[in-house]
């Protein structure tokens, strides 16, 4: 990954050193991450304050949301791929983390697809490999397969059977099948049919409601905490995560 | 044109220099000694660009750390509440200032502060740099109860300090900014990264016991200790996230902690997660030192959690009052936590009183 990043940086450097005529056709790409609940934008000001109702009817508040996006790749009309970012730990409480990559210069052309990984794929999910993520205590315990968290969604909920707020820790990462046996749990998201040929902001949207909705209606009364080592819960998170992300283009 | 500008700027800098404020002076640079495990796992230490580590700066900072002249009546130094044998905290629940006034929080232990990337110091995070942190106690009326102008004048009037500041910063004119820069440089050298558990993580399988290993597994088990979300891990050997949490101590708050700084009621009851290193020397525990022993701390998380509106959702067993650890698990967890202590840190001669 580091080597690829280096290659990208070198390419960017070479492009930026080109003549003024060439610069006119370079494309600036920025990637931002935004969050919503079935279309209603969620920002840091919603943390601990706004109530959301999930598919199963629980009323929940979000206290903390951090998640990992990696391997953002643009594909041009010839099928060439350009990786425009390695990884980003997004923290809803920290606006500085919501921009995945800013003003990345890519060669001129038409880009028809973008893909990214929610979490780390198997190749990149190397235990203790990333000092910034270690320092952020983003690791996934070795006993559960190691590597890193993909998401940490913490909050409280109430329901007709739990009228006092109870905590939930919707934490996602490698799924542990049994002692020493693990299953990859990342999600690759592909958005095709795009047409990017000029400076563009790419918005990777996360609809948090989907984590609780489809295909598995999530019952927080049953699945609320202690989910990291729960194989079935981890797999259901992966299944629900398939429809969580969408990509929008802006100016 | 550019060259002409450089000449102009250089000329301007030269014309501003003087024997008392020699901008050309450079003290002797010195690197932070980064423990092997930190080097393997963590980001490099954060050293402010306007306060690089120097031999002379660290030497001066150490002398100032132990200097009672910083206090209003010349009787109390930083080190009087941050004792080396206690990993630079106070064994008293609340420290006593020069007037006899008693504080309301337990003094924080001091080590590994160059790895506080959140740059929020004190239990409530009110200081945004180590230099800013050092400004506070001198003028705090229940601590050193001095004024900075008076403290600076006192140091300036001594025979030794003007020359030491000249050696450290190229000027003999003492300011509060330079005092705190020097103290911060010294504090950044106070590094603890060689406990028995560090040695284990570096490959010495005999460094810890089976009980301590089991305790570590409890620490890392989300369904038992689940300590790692806030207190680091084998991957984050700072053993803290340097972030603020309400860990279920009280149902209401006499001391609102972070909320008193941000003004946000949602931050009430939140205090910075302390590092778990050197717990053998840092009793009493919690921001207000309410627990005299490590057993009391573990019992709190096992059976003593109290609900309040801002309690962290990571206190997942709040409905049951805690994680309900077995007595055997408690003993192993305690053994593991104590394996993070480093006797060589508290006795390090580089950190002792030079005066």
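Values in this text are rule-based calculations from the coordinates and carry no lab data. This structure is a prediction, so every number in the text was calculated from the model and none was measured. Every residue, glycine as well, gets a Cβ built from its backbone with ideal geometry; the counts of neighbours run over all protein chains shown.
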Quiz item: Which angle between 0 and 90 degrees, to the nearest 10, do you get for helix B:55-65 versus the longest principal axis of chain B when only C-alpha atoms count?
Solution: 60 degrees
Quiz item: Which parts of the stretch A:31-75 would a label at residue A:122 reach, counting a residue when its backbone N lies under 18 Å from a point 7 Å out along Cα-to-Cβ?
Solution: A:71
Quiz prompt | Gap separating the Cα centres of the stretch B:202-250 and the stretch A:84-116, nearest whole Å | solution = 33 Å
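Below 8 Å, C-alpha to C-alpha, sequence gap of six or more: please give me the relative contact order for chain A in percent.
Working: 557 pairs, mean separation 57.8, N = 251.
Once normalised by length, the contact order is 23 percent.
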Practice problem: Sticking with the crude label model, points 7 Å out along Cα→Cβ, report the distance from residue B:328 to residue B:28 in nm, one decimal please. | Solution: 5.7 nm
Practice problem: Starting from the Cα of residue B:211, step 7 Å toward the Cβ, then list every residue of the stretch B:270-296 with an amide N under 12 Å from that point. | Solution: none
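For the stretch B:196-339, what relative contact order do you get, as a whole percent, if you take Cα pairs closer than 8 Å and at least 6 residues apart?
Values: 225 pairs, mean separation 42.6, N = 144.
It comes to 30 percent, rounded to a whole number.
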Quiz item: Cα centroid distance between the stretch B:274-292 and the stretch B:47-91, in Å?
Solution: 21 Å
Quiz item: Within 10 Å of each Cβ of A:165-178, how many other protein chain Cβ atoms are there on average?
Solution: 2
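In peptide B:232-241, how many Cβ atoms from other protein chains are near each Cβ within 10 Å, on average?
Working: counts 4, 7, 6, 17, 9, 1, 3, 1, 1, 4.
Other-chain Cβ atoms within 10 Å of each residue's Cβ, averaged: 5.
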Quiz item: Which value at 222 nm does chain B reach when only helices count, each DSSP H run of 4 or more adding -39,500 (n - 2.57), with the total divided by all residues and rounded to the nearest 500 deg cm²/dmol?
Solution: -10000 deg cm²/dmol
Exercise. Kindly rank B:25-33, A:204-212 from highest to lowest mean number of other beta carbons found within 10 Å of each residue.
Key: A:204-212, B:25-33
Quiz item: Label residue B:55 and residue A:181 with points 7 Å out from Cα along Cα→Cβ: what is the distance between them in nm?
Solution: 6.1 nm
Self-check item: the stretch B:20-192: C-alpha pair distances exceeding 27 Å, %
Solution: 25 percent
Practice problem: Take the Cβ-Cβ distance between residue B:140 and residue B:254 as r, set R0 to 22 Å, and report the resulting FRET efficiency rounded to the nearest 0.05. | Solution: 0.70
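Between residue B:126 and residue B:177, what FRET efficiency comes out of the Förster formula 1/(1 + (r/R0)^6) with R0 = 25 Å and r the beta carbon distance, rounded to 0.05? Let's see the in-between values first.
Details: r = 18 Å, r/R0 = 0.73.
Calculated value: 0.85.
For B:40-47, what's the mean count of beta carbons from other chains sitting within 10 Å of each residue's beta carbon? Let's see the in-between values first.
Details: counts 3, 7, 4, 7, 1, 0, 0, 0.
Rounded to a whole number, the mean comes out at 3.
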Quiz item: Using the beta-carbon distance between residue A:101 and residue B:292 and R0 = 56 Å, what value does 1/(1 + (r/R0)^6) give for FRET efficiency, to the nearest 0.05?
Solution: 0.65
Quiz prompt | the stretch A:56-81 versus the stretch B:306-334: alpha-carbon centroid distance in Å | solution = 32 Å
Quiz item: With each pseudo-label sitting 7 Å past Cα toward Cβ, what's the residue A:214-residue A:249 distance in nm, one decimal?
Solution: 2.4 nm
